[in-house]
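Structure, as structure tokens:
A short reminder: the numbers here are calculations on the coordinates, not readings from a lab. Quick caveat, the model's predicted, so the values are computed rather than measured. Methodologically, a virtual Cβ is constructed for each residue, glycine included, from the backbone with ideal geometry; neighbour enumeration extends over all protein chains shown.
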Amino acid sequence: MTTIEKLLILQERDRRIRDLARDTEQIPARKKLSEATLQQYKATAEASQSLLKHNATAIKAVELEVETQRQRIGKLRVQQNTVRTNDEYRAIEKEIAMVEKIIRTEEDKALALMEEAEGLRTNLAMQEQRVKEEQKTVDSDSHALEQRLAGIRDEIARLQTERAAMEKEIDADWLNRYTRIFKHLGDFALVPVEGGSCGGCHMKIPPHLIQDAKRSGTMTTCSYCGRLLYWRS
Ligand SMILES: [Zn+2]
């Protein structure tokens with residue numbers, strides 16, 4: 001096998017390793033994305049819970065008010081039994097009627113609050129169900145991503161072992177040049193001459209460089225991008 005052929009195989013492995021490494025970098029972001037909806041659903045459910053709590057506090061306050069007003073009526077009735085004149089009696093009667101009106105208003109309030117609570121509970125139940133389902137999705141996504149990550153890491157380790165063995169078979173000077181360019185450019189270090197142009201940067205190559213590349217088994221350097229050029233016969 002020629003140096004060019006060996007370097008091309010090495011490059012193919014390096015590109016694969018690079019792609020796989022990029023895949024692993026994307027996994028945390030994909031996990032986060034998968035959790036974003038769940039967080040949103042949880043926040044909505046928490047907001048409903050908080051509304052329900054406020055509603056319960058409001059109902060209690062109204063009930064307490066009703067109880068206070070009822071006690072007030074009780075006291076007024078006792079007082080009514082002790083009065084001497086009709087006027088006094090009627091005055092208390094009037095006050096009782098007013099308190100009863102307050103009670104009715106409070107009871108209406110309580111009724112409205114209870115209806116509101118019912119709606120809130122229905123919403124909350126739906127939202128909690130949604131959280132549960134989304135949690136399942138997130139868990140299964142997370143599991144799949146973990147498995148994928150483990151698979152990728154195994155694959156990278158395998159490729160690296162392979163390429164380490166291959167490196168030993170390649171001429172050290174060419175290998176160093178190849179490695180330096182691949183690290184620097186990150187896509188291709190070794191490219192063919194394509195229709196008189198560099199297969200990497202696509203610039204037209206001067207004829208003397210093409211002649212150099214055509215010499216069997218050797219490579220030349222693209223004067224524009226610095227990649228190694230070879231002639232594909
Ligand atoms: Zn080039």
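Counting Cα-Cα pairs of region 171-233 in 10 Å increments starting at 0 gives whole-percent bin shares of 25, 56, 19. Cβ-Cβ distance of Glu100 and Thr57, R₀ of 41 Å, FRET efficiency by 1/(1 + (r/R0)^6): the value works out to about 0.95.
Averaging Cα coordinates gives a centre for region 138-152 and one for region 1-76; these two points are 19 Å apart. Checking the Cα-Cα distances for Lys60/Lys94; Lys75/Lys109; Lys6/Lys32; Lys60/Lys101; Lys32/Lys60; Lys183/Lys214 against a 31 Å cut-off, the pairs over it are Lys6/Lys32; Lys32/Lys60. Listed peptides 79-89, 5-15 appear in the order 5-15, 79-89 once ranked by packing, highest mean of other Cβ atoms within 10 Å at the front.
Taking a span of 18 Å or more along the helix axis (Cα atoms) and a mean Kyte-Doolittle hydropathy of at least -1.0 as the rule, the DSSP H helices of the chain that qualify are 3-80, 86-167, 172-185.
Subtracting the Cα-Cα distance of Met126 and Asp141 from 0.36 nm times their residue separation leaves 3.1 nm of extension gain. Please compute P(r) over all alpha-carbon pairs of region 1-117, binned at 10 Å starting from zero, and give each bin as a whole-number percent. In whole percents, the pair-distance histogram is 11, 18, 13, 11, 9, 8, 7, 7, 6, 4, 3, 2, 0.
Between Thr37 and Glu25, the modelled labels are 2.7 nm apart [label points 7 Å from Cα along Cα→Cβ]. Treating each Cα of the chain as an identical point scatterer and summing with the Debye formula, the log10 of I(q)/I(0) at q = 0.15 Å⁻¹ comes to -1.02. The sum of -39500 (n - 2.57) across all DSSP H runs of n ≥ 4, divided by the residue count of the chain, sets its helix-only mean residue ellipticity at 222 nm to -29000 deg cm²/dmol.
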